[in-house]
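Here the structure comes first, spelled out in structure tokens, and everything after it is commentary.
The values are calculated or read from the model by the stated rules, or taken from the named source; none is laboratory data. Only a predicted model underlies this, so the values are computations on that prediction, with no experimental measurement involved. Cβ placement follows ideal geometry from the backbone for every residue including glycine, while neighbour counts extend to all protein chains displayed. SASA here: full protein model, heavy atoms, side chains in, ligands and nucleic acids out. Shrake-Rupley method; radii C 1.70, N 1.55, O 1.52, S 1.80 Å.
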Amino acid sequence: LKVDLVISFVHVTNVLTILAMKGTSTPVIVCEESDPSSSPSSGLWRLLRWLTYRAAARVVVHSNGARAWFGRRLCSQVITVPNAVIVPQSASPTPPQQREKLFLSVGRLGAEKGYDLLLKAFARVTQSSPEWRLLILGEGSERAQLEKHVVELNLQERVSLPGTEPSPWAHYRRAPIFVSSSRHEGFGIALCEAMASGCAVIATDCPSGPKEIVE
């Protein structure tokens, strides 16, 4: 294909795309979706990323924290483009006094989301505030382990893990507080959606997006 520009997403595809375009004059823009200090986990792919990204016309990241991490070697090539959130017209914020006693979190059930930490913290909250509940929307490889934690902490009546919701906006309007317990984030678009819906936020100060979003 005689194209004018190639745009690639995610580190493995980015590396392969740059290698595939070697020897052509077509510029390549690569986009990093995850926190670069945590992904990829493979040392080989980390090395390949540093070696190939120098040939990219631009490296797009979603936070200034990620930009600073890449900037050590790719300073002039890295730019920050935050993700956008488009709020449906029907999803106007609900007044706080009309919301339920509900903590909400939305994300993939993976170790990086820190839901094991969230369950332990919520168990402490229920000791003094038993009327509060926790809803975690999402699906992933950690489901069985998280369900085990729920039973061990005796939270079966207070924690719900219903799976993936195609549209979480109704839940953002129900909950007064959104929790982001991640160990690392690329950006945290669910956090943005929750804030746009009027939720207060509790978030771990993890690399590389939540602190910038909240501030």
Members of the stretch 82-113 found to be assigned to a loop (DSSP other than H, G, I, E, B), under 21 Å from Phe9 (Cβ atoms) and touching a residue at least 24 places away in the same chain (Cβ under 8 Å), listed by number: Pro82, Asn83, Val85, Gly107, Arg108, Gly110
Residue satisfying all of: in the stretch 180-200; buried (at least 24 other Cβ atoms within 10 Å of the Cβ) and among the aliphatic types (A, V, I, L, M); farthest from Val214 (Cα to Cα) among these: Ala194
Sole exception among (1) in a helix (DSSP H, G or I); (2) hydrophobic (A, V, I, L, M, F, W, C); (3) open to solvent by 50 Å² or more (accessible area, probe 1.4 Å); (4) under 27 Å from Ser37 (Cβ atoms) for Ala170, by number: (4)
Residue within the stretch 47-60 that is assigned to a loop (DSSP other than H, G, I, E, B), of a type in the set (D, E, K, R) and either touching a Cys at 6+ places or on another chain (Cβ under 7 Å) or in contact (Cβ under 8 Å) with a residue 12 or more places away in the chain (or both) present: yes
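In the stretch 173-215, which residues are polar (S, T, N, Q), closer than 21 Å to Glu112 by Cβ and in a loop (DSSP other than H, G, I, E, B)? Spell out the reasoning first.
Here is the first cut: in the stretch 173-215, the residues polar (S, T, N, Q) are 180-182, 197, 204, 208.
Next, only the ones that are closer than 21 Å to Glu112 by Cβ stay: 180-182, 204, 208.
Ser181, Ser182, Thr204, Ser208 - these are the residues of the stretch 173-215 that are polar (S, T, N, Q), closer than 21 Å to Glu112 by Cβ and in a loop (DSSP other than H, G, I, E, B).
Is it fair to say Val30 is under 22 Å from Ile189 (Cα atoms), buried (at least 18 other Cβ atoms within 10 Å of the Cβ) and at pLDDT 95 or above?
Working: under 22 Å from Ile189 (Cα atoms): yes; buried (at least 18 other Cβ atoms within 10 Å of the Cβ): yes; at pLDDT 95 or above: yes.
Here the answer is yes, as Val30 does meet what is asked.
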Inter-residue pairs, beta-carbon under 7 Å, first within 12 Å of Ser181 (Cβ to Cβ) and in the stretch 114-142, second assigned to a helix (DSSP H, G or I) and modelled with pLDDT of 95 or more, 6+ apart: Tyr115/Leu146; Asp116/Leu146; Asp116/His149; Leu119/Leu146; Leu119/His149; Leu119/Val150; Leu134/Phe122; Ile136/Tyr115
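Sort through Leu153, Leu104 and tell me the only one that's in contact with a helix residue (DSSP H, G or I) (Cβ under 9 Å, 6 or more places away or on another chain), under 19 Å from Cys206 (Cβ atoms) and at pLDDT 90 or above.
Details: Leu153 fails: under 19 Å from Cys206 (Cβ atoms).
From the options Leu153, Leu104, the qualifying one is Leu104.
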Selection count, the stretch 1-27, where residues are touching a helix residue (DSSP H, G or I) at 6+ places or on another chain (Cβ under 6 Å) and modelled with pLDDT under 95: 1
Criterion: touching a His at 6+ places or on another chain (Cβ under 8 Å), farther than 30 Å from Ala68 by Cβ, buried (at least 18 other Cβ atoms within 10 Å of the Cβ) and not acidic (Asp, Glu) - qualifying residue of Leu134, Leu104: Leu104
